[in-house]
Amino acid sequence: MLFESLDKLKRNSIMSAILLMTLGAIILICPQAYVGLLALVGGYTLVVVSIVMILNFLSGNKSLMEYMKFCCALIVGFVGMSVLVFRGDIMRALAWIFGLLLLLDGGRTLFHSFTYARRSQRKGWWVLAILSVLLMVTGIIVFLNPYWDTPAMLMKVIGCAIFFSSIVNAVRLIWTWPLKNGEVETEEGGSENGQA
């Protein structure tokens with residue numbers, strides 16, 4: 001059961017890192033004239049993701065984790081609708097979309113750092129917890145939008161934050177995968193077979 005969950009987490013981490021890296025590149029190279037279209041697509045995407053998550057909740061079993069996912073789906077849907085309604089203020093819409101994305105990704109990574117990384121018996125698992133907290137702080141800063149007042153600057157900040165998120169996803173992949181039986185991590189950070 002644990003290894004099935006870890007295998008699913010491994011696939012999700014790889015896909016998240018690739019998608020976030022692609023999204024960061026798109027945001028960094030997107031011309032300022034298409035910022036409004038990008039926000040509109042992001043808003044519709046959040047609404048569709050929210051609907052899919054709600055339908056999964058209605059058709060699945062009702063565990064505590066499913067209720068937490070349902071609450072996240074409602075928040076994502078609310079943010080998506082807010083972006084569509086207030087799309088005249090593009091900068092605020094972009095800050096909402098990507099701030100929430102970074103905040104949720106940081107929270108998920110923090111959960112995985114305590115659920116899987118701590119149990120993987122690797123030294124330095126706490127680095128993942130620190131990176132996930134930094135990711136959540138970055139999401140809050142982007143969400144509040146305190147330091148920049150031009151769409152071009154906001155796009156650069158969001159693109160860099162998304163790249164940071166993809167790096168954290170890659171680190172999560174490394175630290176959450178457990179060592180095989182008999183392997184002991186050496187002081188240099190590698191692993192050697194303890195069965196000798």
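Summary of computed values
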item	result
Condition check for residue 41: within 23 Å of residue 166 (Cα to Cα), of a type outside the set (Phe, Trp, Tyr) and under 15 Å from the mean Cα position of the chain (by Cα)	no
Odd one out for residue 77 among (1) in contact (Cβ under 8 Å) with a residue 12 or more places away in the chain; (2) part of a loop (DSSP other than H, G, I, E, B)	(2)
Residue among 135, 173 that is at negative phi and either at pLDDT 85 or above or crowded, with 22+ Cβ neighbours inside 10 Å (or both)	135
Leading residue by the ranking (nearest to the chain's Cα centre (by Cα)) among those in segment 73-92 that are open to solvent by 40 Å² or more (accessible area, probe 1.4 Å) and at pLDDT 80 or above	75
Residues that are part of a helix (DSSP H, G or I) and exposed (fewer than 14 other Cβ atoms within 10 Å of the Cβ), drawn from segment 27-50	29, 32, 33, 34, 37, 41, 44, 48
Filter pass, residue 82 being part of a helix (DSSP H, G or I), in contact with a helix residue (DSSP H, G or I) (Cβ under 9 Å, 6 or more places away or on another chain) and more than 28 Å from residue 170 (Cβ to Cβ)	yes
Residues (modelled with pLDDT under 80 and not aromatic (Phe, Trp, Tyr)) located in segment 102-132	112, 113, 115, 117, 118, 119, 120, 121, 122, 123, 124
Subset of segment 138-160 that is among the aliphatic types (A, V, I, L, M) and open to solvent by less than 60 Å² (accessible area, probe 1.4 Å) - its residue that is modelled with the lowest pLDDT	152
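The values are calculated or read from the model by the stated rules, or taken from the named source; none is laboratory data. The shown structure was predicted, so the numbers you read here are calculated from the model rather than taken from an experiment. FYI the Cβ positions are ideal-geometry reconstructions off the backbone, even for glycines, and counts take in every protein chain you see. When the accessible area is computed, the model is the full protein with side chains, heavy atoms only, and any ligands, DNA or RNA have been set aside. Shrake-Rupley method; radii C 1.70, N 1.55, O 1.52, S 1.80 Å.
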